[in-house]
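Undergrad: Pasting a structure below so you can have a look.
Every number in this text was worked out from the coordinates using simple rules, so none of it is lab data. Remember, predicted model here, so these are calculated numbers, not experimental data. Methodologically, a virtual Cβ is constructed for each residue, glycine included, from the backbone with ideal geometry; neighbour enumeration extends over all protein chains shown.
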Amino acid sequence: MILLLSPGLLPMALLPGAMAATLSGTVFDANGAPVPSVDVVAYDARLNYASARTTTDGGFLLGSVPPGRYRLRAMPPDGDPRVDRFLPDTWDFCAADVVEVGTAAIIGDLDFALPEGGSLTGRLLATDGAPVVGAQVLALGQSERSSLVSRLASTDADGVFTVVGLDSDPGESEPYAAYVAAGGYPRQYLAPTYDEESAALFDILLGEREDAEDQPLLDGITVTGTVSGPDGPVASGTVFVYSPSQVLSVAIDSAGTYVADGLPPGDVTAWASSDGLATTYYPDADRPGERVSVPEEGQMASGVDLALGAPSSLSITLTGSGDLSEASVLLYNDTMTVGRGGSLDEAGLLTIEALHPGTYFLAVYGADVGLTDDYLRDDAGEPLAILVDGDTALTVDMPAGASFSGTVRGDDGEPIYGAYVYASATGGENTEVGVTDADGVYTIRGLPGADYTLRASYAHYCPSDAGWVTVYWPDHLAETDATITTLAAAEGRTGVDFVLFADDDHDAMGDSWEEDNGLDPHRDDAGEDADGDGYVNVDEWRLGTDPTEEPLTALDGCGRGCGSGGAALVLLLPLAMRRRQAAWTGKPRSRALRW
């Protein structure tokens, strides 16, 4: 599995630590020559990262890396013929060497040797035989081995492209498809087709060039129409035309017409925006509705006309003190199909323009300024229906937000970095999430006063990564046992601490409990029945019973898996009985990591 994450695609840098190290090494090619301009990325256990670029001598320095476990990746630019690899020489993120950063100031000799990949070349042609210039061609791996590998190239003045750095195992070819984005054409795969399943496949070998030869492009369909307002044709603005999976934006010309050329066939809709008029969906509505069928390649649909009405607006004033620019709002229509909004200014002001008259609901995201994240509600607690007609003003007085905060630690007492804590309102649909920092500390803010259940969990990415069993606050293993916690409006509840049981074999049972009770903490034995009493091991863990003694026998003190004392046996017995005839299917699975 190639992990297609780059520094520009991840939202966070590595969390700072009290101690930090420098990681250094060199990127070489297969002949031992240094490779400059390669991005080297260090991913920590939660996929946060640090990155550096190799210099002319192929060297890199990753500075200020806090303690933790890291996997390193070398990523040549798209035009470089070398392949992406994880340290030392693998395409699989989970198979990469783990670099342990502890107290050492410098960790060196983290060297890569990148082989030259295969390449795919060809020429893109229009239907009249002219070269297609400036198109982008993205080669995408199509097997399990290469499914997350991609490289990009552009066509030159002759329509020729060459995609380099495509990976495969030595001596074995890998199938790649080519995805094309070109001005005036729908996005498509070479074959030509709009469907990846029917795309042409090209067999790529390391160090070898595959010739796709001349490839014609599909022209797609054309959609045209007029845009009018209360006073006649609209002479400026933008029309957005949607056809299956693709949106094309085009300008409205001075005569109030538009032409959208190069979309895939299918059911088409359009919407338009222009200064001083209401943003409108075809033909004259405030939300998507009618569609026009354009099923044939090369077909033109004319008369997809839009009538824009006079605009209404909503000026929102959020009450509060200090700088309110960290708050934002989202205004939904009455069917929740279209939302518009943005961030407030420092004084808590925002005007949402180009609205149709009608009924709206307002969601406010005020946690960052000490208020709730919630809908504006009426006296009965329901989302407030806001009538907008013309220029409408609204003062929004949101209650102060409540919060939960605490720590998440392992049963060894060490903080757990990157654990998720979920606060779910009882009887409601909303769940808010906090994530622990390097010290195991989390905060969930912006909550309305309500009854909540809380749980802490940790998602591992690789089989060799650390794992912990999910716990419901304060120390329960089953959601049915979770304590309901009442949080008053504006209350800041602290000390909501969790202790998670280490589970490095990812079988949903605590490793120390397994060791103490004769099970194997190094493999998934959750679905086995060690004592033959009809209760699989994971149920005995949750019940706090002895997994090696028949009949079902409570452990002294009920065991670490009991959670709610002696009551656990009564509360969880129906669950265990239901599972007597079923194989265990509840073990966590590692996730495929994609863009």
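Undergrad: Using only helices, what value at 222 nm comes out for the chain when you add -39,500 (n - 2.57) per DSSP H run of length 4 or more and divide by the total residues, to the nearest 500 deg cm²/dmol?
TA: Working: 3 runs with 26 residues, N = 595.
Taking each H run of at least 4 residues, the total per residue is -1000 deg cm²/dmol.
Undergrad: Work out how far the C-alpha atoms of the range 84-206 reach from end to end along every principal axis, then list the three figures in whole Å, largest first.
TA: The Cα atoms of the range 84-206 stretch 65, 26, 23 Å along the principal axes, largest first.
Undergrad: Could you calculate the FRET efficiency of Ser321 with Asn430 from 1/(1 + (r/R0)^6), where r is the beta carbon distance between them and R0 is 30 Å, rounded to 0.05?
TA: Working: r = 26 Å, r/R0 = 0.86.
In this case the efficiency is close to 0.70.
Undergrad: Can you tell me the FRET efficiency between Thr553 and Asp97 if r is taken as the Cβ-Cβ distance and R0 is 51 Å, rounded to the nearest 0.05?
TA: Details: r = 45 Å, r/R0 = 0.88.
It comes to 0.70.
Undergrad: Based on alpha-carbon atoms only, what is the radius of gyration of the chain relative to the globular estimate 2.2 N^0.38 Å? Can you show the working numbers first?
TA: Details: Rg = 29.4 Å, N = 595, 2.2 N^0.38 = 24.9 Å.
After normalising by residue count via 2.2 N^0.38 Å, the value is 1.18.
Undergrad: Report the one residue of Gly413, Tyr70, Pro131 whose Cα lies farthest in the direction of the positive end of the charge dipole of the chain (charges on C-beta: Lys and Arg +1, Asp and Glu -1; origin at the Cα centre).
TA: Positive-most Cα among the choices belongs to Pro131.
Undergrad: Taking Cα pairs under 8 Å and at least six residues apart, what relative contact order does the chain come out at, in percent? The partial results should precede the final answer.
TA: On the way: 1621 pairs, mean separation 44.3, N = 595.
Computed over the chain, the figure is 7 percent.
Undergrad: So for each of 85-93, 112-120 I average, over its residues, the number of other beta carbons within 10 Å; can you give me the resulting order with the highest mean first? Can you show the working numbers first?
TA: Details: 85-93: 18.1, 112-120: 21.6.
So the order, starting with the most tightly packed, is 112-120, 85-93.
Undergrad: Along the charge dipole of the chain, pointing to its positive end and built from +1/-1 on Cβ of Lys, Arg, Asp and Glu, which listed residue (Gly446, Thr470, Ile484) has its Cα farthest out?
TA: About the Cα centre, the residue reaching furthest to the positive side is Gly446.
Undergrad: Picking from Val98, Gly25, Leu362, whose Cα lies most toward the positive end of the charge dipole for the chain (charges on Cβ: Lys, Arg +1; Asp, Glu -1)?
TA: Ranked along the dipole, the leading option is Leu362.
Undergrad: Evaluate the charge dipole of the chain about its Cα centre and quote only its size in Debye, nearest 20, assuming +1 on the Cβ of each Lys and Arg and -1 on the Cβ of each Asp and Glu. Before the final figure, lay out the partial values.
TA: Numbers: 30 positive and 93 negative charges, 189 e Å.
The dipole magnitude comes to about 900 debye.
Undergrad: Using a 7 Å offset from the Cα along the Cα-to-Cβ direction at both Ser313 and His522, what is the distance between the two label points in nm, to one decimal?
TA: 7.0
Undergrad: Also: Please give the peptides 214-221, 203-210 ranked by average Cβ packing (other Cβ atoms within 10 Å per residue), highest first, as a rough proxy for protection. Don't skip to the end; give the middle numbers.
TA: On the way: 214-221: 19.2, 203-210: 16.6.
The peptides rank, most packed first, as 214-221, 203-210.
Undergrad: What does the highest-first list of 425-436, 255-266, 170-181, 538-549 look like by mean Cβ count within 10 Å?
TA: Values: 425-436: 14.3, 255-266: 19.6, 170-181: 17.7, 538-549: 24.1.
Result, highest mean first: 538-549, 255-266, 170-181, 425-436.
Undergrad: Shifting gears a bit: Run the Debye formula on the Cα coordinates of the range 116-174, all scatterers equal and no solvent, and tell me log10 I(q)/I(0) at q = 0.21, 0.29, 0.30 1/Å.
TA: Calculated log10 I(q)/I(0) at the listed q: -0.78, -1.11, -1.15.
Undergrad: State the extension gain, in nm to one decimal, for the chain segment bounded by Ser302 and Glu382, taking 0.36 nm per residue of separation less the distance between their alpha-carbons.
TA: Working: separation 80, 0.36 × 80 = 28.80 nm, distance 4.43 nm.
Net length gain for the segment: 24.4 nm.
Undergrad: Moving on. Just for the chain, what percent of DSSP beta bridges are antiparallel, to the closest 5? List each step's numbers first, then the result.
TA: Values: 120 of 147 bridges.
Of those bridges, close to 80 percent are antiparallel.
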